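Participant: Here's a structure for you.
Laboratory data are not the source of any read-out in this text; all were calculated from the coordinates shown. It should be emphasised that the depicted structure is a prediction, and the values quoted were computed from it without experimental measurement. Glycine gets a Cβ as well: all are built from the backbone with ideal geometry, and neighbour counts include every protein chain shown.
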Amino acid sequence: MIAPGATIGIIGGGQLGRMLALAAAPLGFKVHVFDPHASPCAADVAASFTRAAFDDVVALERFASACDVVTYEFENLPVGPLANIADKLRPGTASLAIAQDRCAEKSFVEEAGGRPASWRKVDGPADIAAAVEALGLPLVLKTRRDGYDGKGQAWLRSADDVERVWQELGGRPLVAEKAIDFEAEFSVVLARGEDGALAFFESTRNIHEDGILRRSELPAGALIEAQVAEARRQAGAIAERLCHIGVLTVEFFACADGPLVNEIAPRVHNSGHWTIEGAATSQFAQHIRAITGLPLGSTALRATRVTMDNLIGDEIDRWPELAADLDAALHLYGKGAARPGRKMGHVTRLG
């Protein structure tokens, strides 16, 4: 167990790192942020900040030597340079490596007893044509790496468009997924401690627009609620097989014949932001507890109804109105210029 007063290193300086730092402070921990940008928003609330490239091995080792434990706030990190600080890294690099490659991720999910949509590996246009023959149309094609918030994805609705879609996605390795008929999207946000203990948060219905999470809401609805137990079984098996320590999120599609895994995020997640006000222990405090060896906290709800809405792009300009709303818990991330599709903050309402 790491005692209060210790320093937690966070690789990545975005809003997730910021909220992790804010959750660490009440537990008595200091935070040291590592990020290549000049003024990441997490550094605003951290005790220390190192600016260096994510693949700078020397800087990473120096950073880790100043920390008692190290974690990360997003998964698109080069795994190789982290090997030298593996003894302090929670979660480990196995969770990163699996989540970074959609082919590896889907194979791993199946091996762990999870159920993704039918899929095929794609290395070139001929593989897309083979996927069309095996899975039918339409197909969704996704880049194997670096995709998030709907980026790196394209629909294939005609066999005549194979070459066009291949070029549109950069002519790089892909996965092809069979189109599925789903009723809703939801996620299982869980934490796993060093002792193997699991704690699950309530599952929200997640509403997306243009591939970006717009809203998470509870209650999630009868269909999702009926599938949560099976989804938790799959998510828990994934966490166990990874020997994951910390928060892990598994996104699901709610289908007529049960839940299908969409993707894994080995970290705190946008669909868990509601827990700051809506649960006895937030996902961020839970992650801090898990990586420092503290007992996991209660995930009990603080209200029977909860909504979390992202503030995207220039929606941040609504902050005076939202700050005046006594029913709204406003979180502003302290980022720079608002751009289309950029998450600038969120607002949560209970009841």
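Participant: Given points 7 Å out from each Cα along the Cα-Cβ axis, report the Gln167 to Ile2 separation in nanometres with one decimal.
Facilitator: 5.0
Participant: Between segment 279-316 and segment 113-164, what's the alpha-carbon centroid distance in Å?
Facilitator: Segment 279-316 and segment 113-164 have Cα centres separated by 34 Å.
Participant: For the chain, take the longest principal axis of its alpha carbons; what is the angle in degrees between that and the long axis of helix 15-24, to the nearest 10 within 0 to 90?
Facilitator: Compared with the principal axis, the helix lies near 40 degrees.
Participant: Modelling each spin label as a point 7 Å along the Cα-to-Cβ direction, I'd like the Ala324/Asp146 distance in nm, to one decimal.
Facilitator: Once both label points are built, they end up 4.4 nm from each other.
Participant: Based on alpha-carbon positions alone, could you give the equivalent ellipsoid semi-axes of the chain from the gyration tensor, as √(5λ), descending, whole Å?
Facilitator: Result for the chain: semi-axes of 31, 24, 21 Å.
Participant: Please grab the % of Cα pairs in segment 83-177 that end up more than 19 Å from each other.
Facilitator: The calculated P(r) of segment 83-177 puts 45 percent of pairs beyond 19 Å.
Participant: Then there's this: Please list, in order along segment 209-221, the HN-Hα scalar couplings obtained from phi with the Karplus expression 6.51 cos²θ - 1.76 cosθ + 1.60 (θ = phi - 60°), rounded to whole Hz, x for Gly and Pro.
Facilitator: 9, 6, x, 10, 4, 9, 8, 10, 9, 10, x, 7, x
Participant: Can you compute the modelled spin-label distance between Glu133 and Ala337, with each label point 7 Å from Cα toward Cβ, in nm?
Facilitator: So the two model labels end up 4.9 nm from each other.
Participant: Among rounded, prolate and oblate, which fits segment 171-219 when a ≥ b ≥ c are the square roots of the eigenvalues of its C-alpha gyration tensor, a/c under 1.5 means rounded, and a/b larger than b/c means prolate?
Facilitator: Verdict is oblate for segment 171-219.
Participant: Would you calculate the volume per residue, in Å³, of the smallest convex hull containing every Cα atom of segment 271-339?
Facilitator: About 110 Å³ per residue, rounded to a whole number.
Participant: So, one more: What length, rounded to one decimal in nm, is gained on full extension from Asp44 through to Arg62, with 0.36 nm per residue of separation minus their alpha-carbon distance?
Facilitator: 4.4 nm
Participant: Could I ask something else about it? For the chain, with a Gaussian network of springs between Cα atoms less than 10 Å apart, report the residue from Arg318, Arg205, Arg233 with the top mean-square fluctuation.
Facilitator: Among Arg318, Arg205, Arg233, the largest mean-square fluctuation in the Gaussian network model of the chain belongs to Arg318.
Participant: Counting other Cβ atoms within 10 Å, keep those with at most 15, restrict to DSSP loop, and tell me which chymotrypsin sites (Phe, Trp or Tyr not before Pro) in segment 169-273 are left.
Facilitator: On the way: sites: Phe182, Phe186, Phe200, Phe201, Phe252, Phe253; in loops: Phe201.
Nothing satisfies the criteria.
Participant: For the pair Glu111 and Val79, what calculated FRET efficiency results from E = 1/(1 + (r/R0)^6), where r is the Cβ-Cβ distance and R0 = 22 Å, to the nearest 0.05?
Facilitator: The computed FRET efficiency comes out at 0.70.
Participant: For segment 7-89, with equal point scatterers placed on the C-alpha atoms only and solvent neglected, what are the log10 I(q)/I(0) values from the Debye formula at q = 0.13, 0.24, 0.25, 0.26 1/Å, to two decimals?
Facilitator: Cα-only, vacuum Debye calculation for segment 7-89: -0.32, -1.16, -1.25, -1.35.
Participant: Calculate the radius of gyration of the Cα atoms of segment 198-351 to one decimal place, then report Dmax, the largest Cα-Cα distance, as a whole number, both in Å.
Facilitator: For segment 198-351, the Cα radius of gyration and maximum Cα-Cα distance read 15.9, 46 Å.
Participant: Please list log₁₀ I(q)/I(0) at q = 0.22, 0.23 Å⁻¹ for segment 113-154, using the Debye equation with identical point scatterers on the alpha-carbon positions.
Facilitator: Those come out to -0.83, -0.89, one per q.
Participant: For the cross-link pairs Lys142/Lys335; Lys121/Lys335; Lys88/Lys178; Lys88/Lys142; Lys30/Lys151; Lys30/Lys335, which exceed 31 Å when the distance is taken from alpha carbon to alpha carbon?
Facilitator: Lys121/Lys335; Lys88/Lys178; Lys88/Lys142; Lys30/Lys151
Participant: Quick check on segment 138-271: what are the equivalent-ellipsoid semi-axes from the Cα gyration tensor, as sqrt(5λ), descending, whole Å?
Facilitator: Ellipsoid semi-axes (Å, largest first): 29, 18, 13.
Participant: Separate question: Translational D (Stokes-Einstein, µm²/s) of segment 304-345 at 4 °C and 1.567 mPa s when Rh comes from the Kirkwood sum over C-alpha pairs? Write down the numbers at each step before the final one.
Facilitator: Numbers: Rh = 10.9 Å.
Stokes-Einstein gives a translational diffusion coefficient of 118 µm²/s.
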